[in-house]
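What follows is a set of notes on a single structure, which appears directly below.
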Amino acid sequence: MSIGHTLLGLLEGEPRHGYDLKRAYDERFGKDRPLHYGQVYATLSRLLKNGLVEVSGVEAGGGPDRKRYAITAAGVTDVATWLSTPEKPEPYLQNTLYSKVVLALMSGRDAHEVLDTQRAAHLRVMRELTRRKATGDLTDQLICDHALFHLEADLRWLELTTARLGQLAKEIS
Amino acid sequence: MTSDAVGQPLLAGINLRKSFGPTPALDGAGLHVRAGEVVAVMGPSGSGKSTLLHCLAGILKPDSGRVLYQGSDLTELSDGQRSELRRTEFGFVFQFGQLVPELTCLENVALPLRLGGVRRREAERRATEWLDRLEVTGVAGKRPGETSGGQGQRVAVARALVTGPKVVFADEPTGALDSLNGERVMDLLVSSAKQTNAAIVLVTHEARVAAYSDREVVVRDGKSREVELAR
Ligand SMILES: Nc1ncnc2c1ncn2[C@@H]1O[C@H](COP(=O)(O)OP(=O)(O)O)[C@@H](O)[C@H]1O
Ligand SMILES: [Mg+2]
């Protein structure tokens, strides 16, 4: 799960303070695992250093939260690249994939494309496993089957999420 | 053989549109397949997969668009010419219901040959060979209703391949089978087709079945899309 990309994606909609960003993240992506403030500020300072965000305003007063962060053009490119690059197919991707779908919707990008690209990446691995199974011994077959069922589960979940994109888009807006 | 395969498509549907009512079932979909290639057609239920397959196979006539088979446009053929083409060049495997219940499995497999004028002894000899290849020789004398789902589908695959088709159309061929039987049917279908260099258009919503393909096309709301991944 890439917290950096997800925070960037959230900043794409509007500039936010660290606290506001954490709240938006927790509400949308962190129901089970809310972010610590430390994580938020550490991530923001990394993004700042890499030129992906900039400070768009500083308010009077103390504390780290007086800064407001905005995404830069390089940051937007970074989000776009992340969204259009499929994840390496492996188990337990749902958090990342879910974030990608939601952020694609929030930013008006093509969420179907996120799914289709990921499907292609998954299927490519599934083809290799299927071929290996055809030539392998029983142990090979069992190992490949385990991987195949897991990848299939990911894809089914993605498909179901896609079927609910309309509903999800409404909820987000 | 793989996505790198070069050469002319054997069969190509281009910009196909088909409506049954106010909303189009196909809205500019297309797909091409080369000899010896397996293309999976994926997508949610109701997205137009079967309609696309039926148009490609000359079962349905699209409202517009072209279906090129070895250079000639299927949509311009007469109904008679199209059904002749289906009988001689194409093979079909569906989810269920394609075997004639009154005939034995052997007679079912021999039927497409008999319809093409092959004598009974010769037709049954070749049918027996195919039942053998699909490892269901044991059900030759049984009616389809007396076989298991997996055996029935293998008989159906034998029937689809017995005429030596250039293109096999398979619509959810494992949809009614458990994993192990589904896998067996896919193994046999794909390996038999590869041996004869037949193309397969494989409609499925299951990723594990689609993984037997060389490429996949996704259909959504009557539109098709193929993703080209970077290496
Ligand atoms: N013969 C038909 N008459 C009326 N509507 C049909 C017919 N065949 C398909 N449709 C409609 O066209 C759409 C696509 O159907 P289909 O191609 O069977 O989808 P899929 O195979 O992807 O599930 C659906 O809305 C379906 O109800
Ligand atoms: Mg269908």
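Derivation of every value follows stated rules applied to the coordinates shown; laboratory data play no part. Quick caveat: nothing in here was measured; it's all calculated off a predicted structure. As a convention, Cβ positions derive from the backbone with ideal geometry for all residues, glycine included, and neighbour counts pool all protein chains shown.
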Tell me whether the range A:96-172 comes out rounded, prolate or oblate; compute the Cα gyration tensor, take square roots of the eigenvalues as a ≥ b ≥ c, and use a/c under 1.5 as the rounded threshold.
prolate
DSSP beta bridge pairing in the range B:64-206, given as percent antiparallel to the nearest 5:
20 percent
Taking Cα atoms only, helix A:111-135 is inclined relative to the longest principal axis of chain A by an angle, in degrees rounded to 10, of 30 degrees
Where a ≥ b ≥ c are the square roots of the eigenvalues of the C-alpha gyration tensor, would you call the range A:3-84 rounded, which needs a/c under 1.5, or, failing that, prolate if a/b is larger than b/c, or oblate?
oblate
The rounded separation in angstrom of the Cα centers of the range B:28-43 and the range A:1-41 is 42 Å
Output row, site residue B:129, 7 Å Cα→C-beta label point, backbone N cut-off 15 Å, window the range B:185-211, residues B:192-193, B:195-197
Taking max minus min of the Cα coordinates of chain A on each principal axis, largest first, gives extents in Å of 69, 31, 29
According to a simple spin-label model (label point 7 Å from Cα along Cα-to-Cβ), what is the distance in nm between residue B:20 and residue A:56?
4.9 nm
Whole Å is fine, so just give me how far the alpha carbon centre of the range B:183-206 lies from that of the range A:101-173.
22 Å
What is the order of A:3, A:172, fewest Cβ neighbours within 10 Å to most?
A:172, A:3
Mind checking the mean number of beta-carbon atoms from other chains within 10 Å of the Cβ atoms in A:109-121?
3
For the range A:86-173, state which chymotrypsin sites (Phe, Trp or Tyr not before Pro) are in a DSSP loop and have at most 12 other beta carbons lying within 10 Å of their beta carbon.
A:92
To the nearest 10 degrees, the tilt of helix A:37-49 (Cα long axis) against the first principal axis of the alpha carbons of chain A is 90 degrees
Computed lengthening from residue B:63 to residue B:81, 0.36 nm per intervening residue step minus Cα-Cα distance:
4.6 nm
Set the Förster radius R0 to 45 Å, insert the Cβ-Cβ distance between residue B:114 and residue A:143 as r into 1/(1 + (r/R0)^6), and round the FRET efficiency to 0.05.
0.50
Evaluate E = 1/(1 + (r/R0)^6) for residue A:169 and residue A:81, where r is the Cβ-Cβ distance and R0 equals 25 Å; express this FRET efficiency to the nearest 0.05.
0.65
Comparing B:23, B:174, B:104 in a Gaussian network model of chain B (Cα, 10 Å), the one with the largest mean-square fluctuation is B:23
Compute the distance in nm between two label points, each set 7 Å from the Cα along the Cα-to-Cβ direction, one at residue B:8 and one at residue B:143.
4.7 nm
Filtered hits (lysines, Cα-Cα < 19 Å from residue B:18, offset >= 8 within chain) -> B:49, B:61, B:223
Based only on Cα atoms, what Rg/Rh ratio does the range B:1-114 have, Rh being taken as Kirkwood's radius?
0.99
Can you give me the distance in nm between label points at residue B:176 and residue B:73, each placed 7 Å from the Cα along the Cα-to-Cβ direction?
3.8 nm
Percent antiparallel among DSSP beta bridges confined to the protein assembly as shown, rounded to 5, stands at 60 percent
What the Cα atoms of the protein assembly as shown span along the principal axes, largest first and in whole Å, is 96, 50, 36
